[in-house]
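Trainee: This structure is in structure tokens; I'll ask about it shortly.
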Amino acid sequence: MRGLGSPRGPEFVTVRIGQATQEPEVRSGPATKVLPTSPHRGRLLVTAALVAALTGAAAGVAGARLFEGSSEPAPAAALPRVAPAPSASLGGMSATAARVLPSVVSVEAGSGGGSGFVVDDRGHILTNAHVIRGNLRATVVLSDGRRLGARVIGEDDDEDLAVLEVNYPQDLTPATLGRSSDLAVGDQVLAIGSPLGLSGTVTAGIVSALDREVRLGGSRRTAVQTDASINPGNSGGPLVNARGEVVGVNTAIASSRGGGNIGIGFAIPIDRAAPIAERIIRN
């Protein structure tokens, strides 16, 4: 990584003061009165000059010693800074993200993985079926970094949904499920998950379209389209509205030839995903 170069300061030039100075020329004119010079007066002037020189030299030496003996460094120049912002509770989408993040987990299953979110207080986690990839067990990583073992209790390949169960439900924070039927094009939404293994990633966007027909699982289904950035690893994570309610399960993206997000992502509407999760849990 290239830096910005070595710091440089101004160059100082020491100016030598010459010994010889030009005496001012004194001219006598008609109005100039020349006083006789007394030998005693001359000696007094010379003596006074010597005393002044010695006094100045002594003061200079004392000042230099005082400076050399001082251990206190010169004060550093302080850059102007704004005053500290008053403490206040989070608002807007920051508060939404803070509310939902504890409910979102990373899912590791075999050589694959993705995201998921807690749906109740009994230790059930909803994710995508393609995240599980046919595995019977998985590991979930909570928002605080703790790792818990989980078992797959059921999946629906046609809808690309699966439910996990952990043995310590008291360690989980259930998300609040909303209604995808209340969404409108242009509504603000957040996508939360672990894209490319980066757990706890939050991206923002809007609802781009409703009831967009796309291929999910083994058949074509309608989905919520969003421009919130969704990448591999986001699968199974929640799409939430501005109130922090889950309105979809992030599942698929439209990508260019090189892969990656291009601003077109799809989420299974929660109005369809929640009944499927309930059925899997009951059975």
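The values are calculated or read from the model by the stated rules, or taken from the named source; none is laboratory data. Because the structure is a prediction, the values reported are computed rather than measured. Backbone-built Cβ (ideal geometry, glycine too); neighbour counts: all protein chains shown. Ligands, DNA and RNA are stripped out before the accessible areas are found, and what is left, the full protein with its side chains, is counted by its heavy atoms. Shrake-Rupley method; radii C 1.70, N 1.55, O 1.52, S 1.80 Å.
Trainee: Scan the stretch 222-229 and give yes if some residue there is at positive phi, touching a residue at least 24 places away in the same chain (Cβ under 8 Å) and in contact with a Leu (Cβ under 7 Å, 6 or more places away or on another chain), otherwise no.
Mentor: Within the stretch 222-229, none of the residues are at positive phi, touching a residue at least 24 places away in the same chain (Cβ under 8 Å) and in contact with a Leu (Cβ under 7 Å, 6 or more places away or on another chain).
Trainee: Being in a strand (DSSP E or B), farther than 19 Å from I132 by Cβ, open to solvent by less than 40 Å² (accessible area, probe 1.4 Å) and modelled with pLDDT under 95 is true for just one of V240, V214, V224. Which residue is that?
Mentor: Answer to the check: V214.
Trainee: Run down V224, V240, V207, V214 and say which single residue is hydrophobic (A, V, I, L, M, F, W, C), within 13 Å of I192 (Cβ to Cβ) and in contact with a strand residue (DSSP E or B) (Cβ under 7 Å, 6 or more places away or on another chain).
Mentor: Just a single option satisfies the conditions, and that option is V240.
Trainee: Could you list, in sequence order, all residues of the stretch 253-283 that are within 22 Å of S106 (Cβ to Cβ), in contact with a Gly (Cβ under 7 Å, 6 or more places away or on another chain) and assigned to a strand (DSSP E or B)?
Mentor: I253, A267, I268
Trainee: Can you find, within the stretch 91-122, the residue that is modelled with the lowest pLDDT among those that are surrounded by 16 or more Cβ atoms within 10 Å (Cβ to Cβ) and more than 26 Å from the chain's Cα centre (by Cα)?
Mentor: This residue is G112.
Trainee: Against the condition in contact (Cβ under 8 Å) with a residue 40 or more places away in the chain, buried (at least 21 other Cβ atoms within 10 Å of the Cβ) and in contact with a Ser or Thr (Cβ under 6 Å, 6 or more places away or on another chain), how does V189 come out, does it pass?
Mentor: Taking the combined requirement at face value, the residue satisfies it.
Trainee: Yes or no: the stretch 161-171 includes at least one residue that is surrounded by 14 or more Cβ atoms within 10 Å (Cβ to Cβ), part of a loop (DSSP other than H, G, I, E, B) and either of a type outside the set (S, T, N, Q) or in contact (Cβ under 8 Å) with a residue 60 or more places away in the chain (or both).
Mentor: Among the residues of the stretch 161-171, not one is surrounded by 14 or more Cβ atoms within 10 Å (Cβ to Cβ), part of a loop (DSSP other than H, G, I, E, B) and either of a type outside the set (S, T, N, Q) or in contact (Cβ under 8 Å) with a residue 60 or more places away in the chain (or both), which makes the answer no.
Trainee: Which of the residues that make up the stretch 247-260 are farther than 13 Å from R212 by Cβ and surrounded by fewer than 20 Cβ atoms within 10 Å (Cβ to Cβ)?
Mentor: S255, S256, R257, G258, G259, G260
Trainee: I'd like to know if the stretch 65-88 contains one or more residues that are in a helix (DSSP H, G or I), at pLDDT below 65 and open to solvent by less than 80 Å² (accessible area, probe 1.4 Å).
Mentor: Among the residues of the stretch 65-88, at least one is in a helix (DSSP H, G or I), at pLDDT below 65 and open to solvent by less than 80 Å² (accessible area, probe 1.4 Å), which makes the answer yes.
Trainee: Within the stretch 124-151, track down each residue that is surrounded by fewer than 20 Cβ atoms within 10 Å (Cβ to Cβ) and more than 31 Å from the chain's Cα centre (by Cα).
Mentor: R133, G134, N135, L136, R137, R151
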